[in-house]
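This report refers to the structure that appears directly beneath it.
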Amino acid sequence: MGNQKSYKEELVGVFGHPVAENPTVVMQQAAFNHLQLQWRYLTVEVFPDDLPDAVRALRALNMKGINLTIPHKIAVMEHLDELTPAAELIGAVNTVINSEGKLTGENTDGKGFMRSLTQDAKIDPAGKHVLLIGAGGAARAIAVELALAGISSITILNRTKNKGEELQQHISSRTSCEASFVPWEGPCSIPEGTDILINATSIGLPPRENEKPQIRYDSITPSMTVCDVIPALSTPFLEEAKSQKASILDGLGMLVYQGAVGFTLWTGLEAPVEVMHRAIADEFASP
Ligand code: NDP
(Lines give C-alpha, C1' and ligand atoms only; values in the text may rest on other atoms or scores of the structure.)
Protein backbone atom coordinates (compact mmCIF):
# COMPACT_ATOMS: atom_id res chain seq x y z
CA MET A 1 0.00 0.00 0.00
CA GLY A 2 1.36 3.44 -0.91
CA ASN A 3 1.01 6.52 1.23
CA GLN A 4 -2.73 7.19 1.53
CA LYS A 5 -3.68 10.85 1.09
CA SER A 6 -5.57 12.29 4.04
CA TYR A 7 -7.91 15.24 3.77
CA LYS A 8 -8.61 15.31 7.48
CA GLU A 9 -7.77 18.52 9.31
CA GLU A 10 -6.99 18.89 13.00
CA LEU A 11 -8.84 21.80 14.55
CA VAL A 12 -7.87 24.32 17.23
CA GLY A 13 -8.92 27.94 17.65
CA VAL A 14 -10.19 30.59 20.00
CA PHE A 15 -13.58 31.13 21.65
CA GLY A 16 -14.34 34.73 22.58
CA HIS A 17 -16.84 37.58 22.49
CA PRO A 18 -15.93 39.92 20.93
CA VAL A 19 -13.37 37.94 18.98
CA ALA A 20 -13.16 39.57 15.54
CA GLU A 21 -10.02 41.55 16.36
CA ASN A 22 -8.11 38.67 17.93
CA PRO A 23 -5.02 38.19 15.72
CA THR A 24 -3.87 34.81 17.09
CA VAL A 25 -4.92 32.98 13.92
CA VAL A 26 -2.24 34.83 11.97
CA MET A 27 0.66 33.41 13.96
CA GLN A 28 -0.75 29.95 14.66
CA GLN A 29 -1.77 29.35 11.05
CA ALA A 30 1.65 30.62 9.88
CA ALA A 31 3.26 28.04 12.17
CA PHE A 32 1.03 25.19 10.92
CA ASN A 33 1.65 26.13 7.30
CA HIS A 34 5.41 26.46 7.85
CA LEU A 35 5.59 22.92 9.25
CA GLN A 36 3.12 21.67 6.59
CA LEU A 37 0.68 20.45 9.23
CA GLN A 38 -2.95 19.87 8.20
CA TRP A 39 -4.16 21.97 11.11
CA ARG A 40 -6.59 24.89 11.16
CA TYR A 41 -7.00 27.67 13.70
CA LEU A 42 -10.60 28.92 13.89
CA THR A 43 -11.61 32.29 15.31
CA VAL A 44 -15.06 31.62 16.78
CA GLU A 45 -17.59 34.02 18.28
CA VAL A 46 -19.08 32.31 21.35
CA PHE A 47 -21.63 34.19 23.43
CA PRO A 48 -21.35 33.77 27.22
CA ASP A 49 -24.51 31.61 27.57
CA ASP A 50 -23.30 29.28 24.82
CA LEU A 51 -19.95 28.40 26.37
CA PRO A 52 -21.09 25.00 27.78
CA ASP A 53 -22.38 23.99 24.31
CA ALA A 54 -19.20 25.29 22.68
CA VAL A 55 -17.08 23.07 24.98
CA ARG A 56 -19.33 20.11 24.13
CA ALA A 57 -18.81 20.92 20.44
CA LEU A 58 -15.06 20.96 21.02
CA ARG A 59 -15.31 17.41 22.34
CA ALA A 60 -17.71 16.26 19.62
CA LEU A 61 -15.53 17.60 16.82
CA ASN A 62 -12.41 16.07 18.38
CA MET A 63 -10.74 19.46 18.31
CA LYS A 64 -7.19 19.29 19.66
CA GLY A 65 -7.75 22.28 21.89
CA ILE A 66 -8.88 25.86 22.14
CA ASN A 67 -7.77 29.28 23.36
CA LEU A 68 -10.13 31.32 25.53
CA THR A 69 -10.34 35.07 25.53
CA ILE A 70 -12.70 37.63 27.06
CA PRO A 71 -15.14 36.74 28.69
CA HIS A 72 -14.50 32.97 28.96
CA LYS A 73 -11.16 32.61 30.77
CA ILE A 74 -12.70 31.94 34.18
CA ALA A 75 -16.11 30.59 33.11
CA VAL A 76 -14.54 27.74 31.11
CA MET A 77 -12.88 26.19 34.17
CA GLU A 78 -15.94 24.32 35.46
CA HIS A 79 -16.33 22.55 32.10
CA LEU A 80 -12.82 21.02 32.10
CA ASP A 81 -11.55 17.71 33.50
CA GLU A 82 -8.42 19.13 35.16
CA LEU A 83 -6.29 22.24 35.57
CA THR A 84 -2.51 22.55 35.56
CA PRO A 85 -1.06 23.83 38.87
CA ALA A 86 -0.27 27.23 37.27
CA ALA A 87 -3.81 27.63 35.88
CA GLU A 88 -5.20 26.72 39.29
CA LEU A 89 -2.94 29.28 40.99
CA ILE A 90 -3.69 31.99 38.42
CA GLY A 91 -7.41 31.21 38.55
CA ALA A 92 -7.94 31.50 34.79
CA VAL A 93 -7.45 29.39 31.67
CA ASN A 94 -6.44 30.68 28.24
CA THR A 95 -5.54 27.34 26.63
CA VAL A 96 -7.34 23.99 26.69
CA ILE A 97 -5.67 20.77 25.55
CA ASN A 98 -7.90 17.89 24.42
CA SER A 99 -6.04 14.68 25.04
CA GLU A 100 -8.25 11.82 23.82
CA GLY A 101 -11.33 13.41 25.34
CA LYS A 102 -9.71 14.66 28.53
CA LEU A 103 -9.74 18.46 28.68
CA THR A 104 -6.89 20.12 30.58
CA GLY A 105 -6.85 23.87 31.28
CA GLU A 106 -3.56 25.76 31.22
CA ASN A 107 -2.65 29.44 31.35
CA THR A 108 0.19 30.39 28.99
CA ASP A 109 0.07 34.21 29.40
CA GLY A 110 2.52 34.40 32.30
CA LYS A 111 4.76 31.74 30.71
CA GLY A 112 4.84 33.80 27.50
CA PHE A 113 5.87 36.86 29.46
CA MET A 114 8.58 34.91 31.33
CA ARG A 115 10.04 33.50 28.12
CA SER A 116 10.14 36.96 26.55
CA LEU A 117 11.78 38.39 29.68
CA THR A 118 14.46 35.70 29.88
CA GLN A 119 15.12 35.14 26.16
CA ASP A 120 14.49 38.56 24.56
CA ALA A 121 15.41 40.91 27.44
CA LYS A 122 17.95 38.39 28.84
CA ILE A 123 16.79 39.00 32.42
CA ASP A 124 17.01 36.32 35.10
CA PRO A 125 14.04 37.19 37.38
CA ALA A 126 15.47 35.44 40.48
CA GLY A 127 16.02 37.93 43.30
CA LYS A 128 14.61 40.90 41.37
CA HIS A 129 12.33 43.67 42.70
CA VAL A 130 9.27 44.15 40.49
CA LEU A 131 6.72 46.93 40.20
CA LEU A 132 3.58 45.67 38.44
CA ILE A 133 0.94 48.14 37.25
CA GLY A 134 -2.48 46.45 37.04
CA ALA A 135 -4.30 43.61 38.78
CA GLY A 136 -6.43 42.08 36.01
CA GLY A 137 -6.02 38.71 34.28
CA ALA A 138 -2.69 39.46 32.57
CA ALA A 139 -1.23 40.99 35.74
CA ARG A 140 -2.34 37.98 37.77
CA ALA A 141 -0.71 35.49 35.38
CA ILE A 142 2.53 37.50 35.30
CA ALA A 143 2.62 37.97 39.09
CA VAL A 144 2.15 34.23 39.72
CA GLU A 145 4.84 33.16 37.23
CA LEU A 146 7.31 35.80 38.50
CA ALA A 147 6.70 34.68 42.08
CA LEU A 148 7.22 31.03 41.11
CA ALA A 149 10.46 32.05 39.34
CA GLY A 150 11.86 33.41 42.61
CA ILE A 151 11.66 37.19 42.38
CA SER A 152 12.48 38.86 45.67
CA SER A 153 9.49 41.21 45.89
CA ILE A 154 6.54 42.51 43.93
CA THR A 155 4.71 45.80 44.42
CA ILE A 156 1.28 45.98 42.81
CA LEU A 157 -0.07 49.35 41.73
CA ASN A 158 -3.75 49.36 40.75
CA ARG A 159 -6.59 51.84 40.32
CA THR A 160 -9.26 49.67 41.98
CA LYS A 161 -8.16 49.07 45.54
CA ASN A 162 -9.88 45.77 46.29
CA LYS A 163 -8.60 44.10 43.11
CA GLY A 164 -5.03 45.16 43.89
CA GLU A 165 -5.30 44.02 47.50
CA GLU A 166 -6.79 40.71 46.47
CA LEU A 167 -3.85 40.00 44.12
CA GLN A 168 -1.34 41.08 46.79
CA GLN A 169 -2.93 38.71 49.34
CA HIS A 170 -3.06 35.89 46.81
CA ILE A 171 0.68 36.18 46.03
CA SER A 172 1.60 36.54 49.72
CA SER A 173 -0.46 33.55 50.85
CA ARG A 174 0.20 31.15 47.96
CA THR A 175 3.88 31.82 47.15
CA SER A 176 7.03 32.71 49.07
CA CYS A 177 7.34 36.09 47.33
CA GLU A 178 6.99 39.28 49.39
CA ALA A 179 4.06 41.25 47.93
CA SER A 180 2.73 44.72 48.68
CA PHE A 181 -0.05 46.89 47.28
CA VAL A 182 -0.04 50.62 46.58
CA PRO A 183 -3.30 52.34 45.56
CA TRP A 184 -2.85 54.23 42.30
CA GLU A 185 -4.02 57.76 43.01
CA GLY A 186 -2.39 59.94 40.38
CA PRO A 187 1.16 60.11 39.03
CA CYS A 188 3.49 58.28 41.42
CA SER A 189 7.24 57.68 41.47
CA ILE A 190 8.82 54.32 40.72
CA PRO A 191 10.62 53.28 43.93
CA GLU A 192 14.41 53.27 43.87
CA GLY A 193 15.71 49.72 43.65
CA THR A 194 13.01 48.58 41.21
CA ASP A 195 14.60 46.21 38.67
CA ILE A 196 11.60 45.40 36.49
CA LEU A 197 8.63 47.72 35.80
CA ILE A 198 5.64 46.24 33.97
CA ASN A 199 2.53 47.84 32.52
CA ALA A 200 -0.05 45.03 32.75
CA THR A 201 -3.08 47.31 32.33
CA SER A 202 -5.00 47.78 29.09
CA ILE A 203 -3.87 51.43 28.91
CA GLY A 204 -2.37 51.93 25.44
CA LEU A 205 -4.50 49.28 23.75
CA PRO A 206 -6.05 50.42 20.43
CA PRO A 207 -8.21 52.37 19.79
CA ARG A 208 -6.63 54.38 22.66
CA GLU A 209 -3.07 53.68 21.61
CA ASN A 210 -1.91 57.22 22.47
CA GLU A 211 -2.58 56.81 26.19
CA LYS A 212 -0.02 55.83 28.81
CA PRO A 213 -0.16 55.00 32.54
CA GLN A 214 0.10 58.10 34.73
CA ILE A 215 3.41 57.68 36.58
CA ARG A 216 6.43 59.96 37.16
CA TYR A 217 8.46 58.94 34.11
CA ASP A 218 11.48 60.88 35.36
CA SER A 219 11.75 58.33 38.21
CA ILE A 220 12.60 55.57 35.71
CA THR A 221 16.35 54.89 35.73
CA PRO A 222 18.66 53.29 33.11
CA SER A 223 19.14 50.22 35.33
CA MET A 224 15.45 49.26 35.01
CA THR A 225 13.89 46.88 32.50
CA VAL A 226 10.53 48.32 31.47
CA CYS A 227 7.96 45.95 29.95
CA ASP A 228 4.55 46.43 28.36
CA VAL A 229 1.90 43.74 27.82
CA ILE A 230 0.18 45.71 25.05
CA PRO A 231 0.82 43.64 21.93
CA ALA A 232 2.34 46.32 19.70
CA LEU A 233 5.77 47.15 18.28
CA SER A 234 5.89 50.13 20.66
CA THR A 235 3.70 52.17 23.02
CA PRO A 236 3.89 55.67 24.56
CA PHE A 237 4.79 53.94 27.87
CA LEU A 238 7.81 52.23 26.29
CA GLU A 239 8.80 55.40 24.40
CA GLU A 240 8.91 57.30 27.71
CA ALA A 241 11.01 54.54 29.28
CA LYS A 242 13.36 54.60 26.29
CA SER A 243 13.86 58.33 26.69
CA GLN A 244 14.94 57.64 30.32
CA LYS A 245 17.50 55.19 28.84
CA ALA A 246 15.89 52.12 30.44
CA SER A 247 15.90 48.74 28.66
CA ILE A 248 12.51 48.00 27.15
CA LEU A 249 10.49 44.89 26.27
CA ASP A 250 7.35 45.07 24.11
CA GLY A 251 4.28 42.82 24.45
CA LEU A 252 4.66 41.15 21.05
CA GLY A 253 7.18 38.69 22.47
CA MET A 254 4.74 37.72 25.22
CA LEU A 255 1.99 37.21 22.64
CA VAL A 256 4.19 35.05 20.41
CA TYR A 257 5.64 32.95 23.23
CA GLN A 258 2.29 32.33 24.92
CA GLY A 259 1.08 31.10 21.53
CA ALA A 260 4.23 29.02 21.11
CA VAL A 261 3.62 27.28 24.44
CA GLY A 262 0.06 26.46 23.30
CA PHE A 263 1.32 25.26 19.89
CA THR A 264 3.66 22.78 21.59
CA LEU A 265 0.99 21.59 24.04
CA TRP A 266 -1.37 20.88 21.12
CA THR A 267 1.01 19.45 18.51
CA GLY A 268 3.86 18.04 20.62
CA LEU A 269 6.24 19.90 18.29
CA GLU A 270 8.64 22.76 18.88
CA ALA A 271 7.00 25.99 17.72
CA PRO A 272 8.64 27.93 14.86
CA VAL A 273 8.85 31.05 17.01
CA GLU A 274 10.56 33.25 14.41
CA VAL A 275 7.91 32.45 11.80
CA MET A 276 5.18 33.28 14.32
CA HIS A 277 6.88 36.52 15.37
CA ARG A 278 7.35 37.66 11.77
CA ALA A 279 3.72 36.86 10.90
CA ILE A 280 2.30 38.83 13.82
CA ALA A 281 4.76 41.73 13.48
CA ASP A 282 3.82 42.04 9.77
CA GLU A 283 0.16 41.97 10.75
CA PHE A 284 0.62 44.78 13.29
CA ALA A 285 2.76 46.81 10.89
CA SER A 286 0.14 46.66 8.10
CA PRO A 287 -2.57 49.35 8.13
P1 NDP B 1 -8.45 43.05 32.66
O2 NDP B 1 -9.68 43.74 32.22
O3 NDP B 1 -8.53 41.79 33.44
O4 NDP B 1 -7.55 44.09 33.55
C5 NDP B 1 -7.34 45.41 33.10
C6 NDP B 1 -6.38 46.12 34.04
O7 NDP B 1 -6.12 47.41 33.50
C8 NDP B 1 -6.94 46.34 35.45
O9 NDP B 1 -5.88 46.33 36.38
C10 NDP B 1 -7.54 47.74 35.33
O11 NDP B 1 -7.63 48.43 36.57
C12 NDP B 1 -6.50 48.43 34.46
N13 NDP B 1 -7.02 49.59 33.74
C14 NDP B 1 -7.73 49.60 32.59
N15 NDP B 1 -8.01 50.87 32.22
C16 NDP B 1 -7.47 51.68 33.17
C17 NDP B 1 -7.42 53.09 33.34
N18 NDP B 1 -7.98 53.93 32.47
N19 NDP B 1 -6.76 53.59 34.43
C20 NDP B 1 -6.17 52.76 35.32
N21 NDP B 1 -6.19 51.39 35.20
C22 NDP B 1 -6.84 50.86 34.14
O23 NDP B 1 -7.60 42.84 31.32
P24 NDP B 1 -6.42 41.79 31.07
O25 NDP B 1 -5.57 41.74 32.28
O26 NDP B 1 -6.97 40.55 30.51
O27 NDP B 1 -5.62 42.52 29.89
C28 NDP B 1 -4.82 43.65 30.16
C29 NDP B 1 -3.98 43.94 28.94
O30 NDP B 1 -3.06 42.86 28.73
C31 NDP B 1 -4.79 44.08 27.65
O32 NDP B 1 -4.34 45.23 26.98
C33 NDP B 1 -4.42 42.85 26.84
O34 NDP B 1 -4.39 43.12 25.47
C35 NDP B 1 -3.02 42.57 27.35
N36 NDP B 1 -2.63 41.17 27.20
C37 NDP B 1 -1.53 40.92 26.45
C38 NDP B 1 -1.10 39.64 26.26
C39 NDP B 1 0.09 39.40 25.42
O40 NDP B 1 0.35 38.25 25.10
N41 NDP B 1 0.86 40.43 25.05
C42 NDP B 1 -1.80 38.48 26.86
C43 NDP B 1 -2.94 38.87 27.68
C44 NDP B 1 -3.34 40.17 27.81
P45 NDP B 1 -8.93 48.29 37.52
O46 NDP B 1 -8.70 47.05 38.34
O47 NDP B 1 -8.90 49.53 38.31
O48 NDP B 1 -10.10 48.19 36.61
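The values are calculated or read from the model by the stated rules, or taken from the named source; none is laboratory data. Keep in mind the model is a prediction, meaning the values are calculated, not measured. Cβ atoms come from the backbone with ideal geometry, glycine included; neighbour counts cover every protein chain shown. What goes into the accessible areas is simple: the full protein's heavy atoms, side chains included, and nothing from ligands, DNA or RNA. Shrake-Rupley method; radii C 1.70, N 1.55, O 1.52, S 1.80 Å.
Key figures for this structure:
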{"quantity": "Space enclosed by the convex hull of the alpha-carbon atoms of segment 110-250, per residue, Å³", "calculated": "95"}
{"quantity": "Cβ-defined net charge surrounding residue 99, 15 Å radius [Lys, Arg +1; Asp, Glu -1]", "calculated": "-2"}
{"quantity": "Within segment 86-220: Cβ-based charge dipole about Cα centre, in debye rounded to nearest 20 (Lys, Arg +1; Asp, Glu -1)", "calculated": "140"}
{"quantity": "Two-site FRET efficiency, residue 56 against residue 242, from Cβ-Cβ distance with R₀ of 41 Å, rounded to 0.05", "calculated": "0.25"}
{"quantity": "Relative contact order computed over segment 6-103 (Cα-Cα under 8 Å; 6+ residues apart), in percent", "calculated": "32"}
{"quantity": "Span from the segment 142-162 Cα centroid across to the segment 5-48 one, whole angstrom", "calculated": "32"}
{"quantity": "Degrees between helix 251-267 axis and first principal axis of the chain (Cα, 0 to 90, nearest 10)", "calculated": "30"}
{"quantity": "Value at 222 nm in deg cm²/dmol, rounded to 500, when DSSP H runs of n ≥ 4 in the chain each add -39,500 (n - 2.57)", "calculated": "-10500 deg cm²/dmol"}
{"quantity": "Cα-derived Rg over Rh, computed across the chain with Rh taken as Kirkwood radius", "calculated": "0.98"}
{"quantity": "Rounded percent of accessible protein surface that carbon and sulfur make up, segment 110-250, 1.4 Å probe", "calculated": "48"}
{"quantity": "For the chain: lysine pairs under 19 Å (alpha-carbon distance), excluding those fewer than 8 apart on one chain", "calculated": "12"}
{"quantity": "Full-stretch length increase - residue 78, residue 174 - with 0.36 nm per residue and alpha-carbon distance subtracted", "calculated": "32.4 nm"}
{"quantity": "Rg/Rh (Cα only; Kirkwood hydrodynamic radius) as it applies to segment 17-64", "calculated": "1.03"}
{"quantity": "Distance (nanometres) between label positions extended 7 Å along Cα→Cβ at residue 185 and residue 70", "calculated": "2.8"}
{"quantity": "Rg/Rh (Cα only; Kirkwood hydrodynamic radius) as it applies to segment 50-154", "calculated": "1.05"}
{"quantity": "Spin-label pair residue 33/residue 159, simplified geometry with 7 Å Cα→Cβ offset, distance in nm", "calculated": "3.8"}
{"quantity": "Ordering of 43-56, 66-79 by packing [mean C-beta count within 10 Å, highest first]", "calculated": "66-79, 43-56"}
{"quantity": "Length-normalised contact order for the chain - Cα pairs under 8 Å, 6+ apart - percent", "calculated": "17"}
{"quantity": "Karplus-derived 3J(HN,Hα), 6.51/-1.76/1.60, for each residue of segment 206-214, Hz, glycine and proline x", "calculated": "x, x, 9, 6, 8, 8, 9, x, 7"}
{"quantity": "Carbon and sulfur %, accessible surface of segment 1-72 computed with the full protein complex present, 1.4 Å", "calculated": "52"}
{"quantity": "Accessible area per residue, Å², the chain with all protein chains present, probe 1.4 Å", "calculated": "49"}
{"quantity": "Virtual paramagnetic centre 7 Å along Cα→Cβ of residue 166, amide N under 13 Å, in segment 79-97", "calculated": "91-92"}
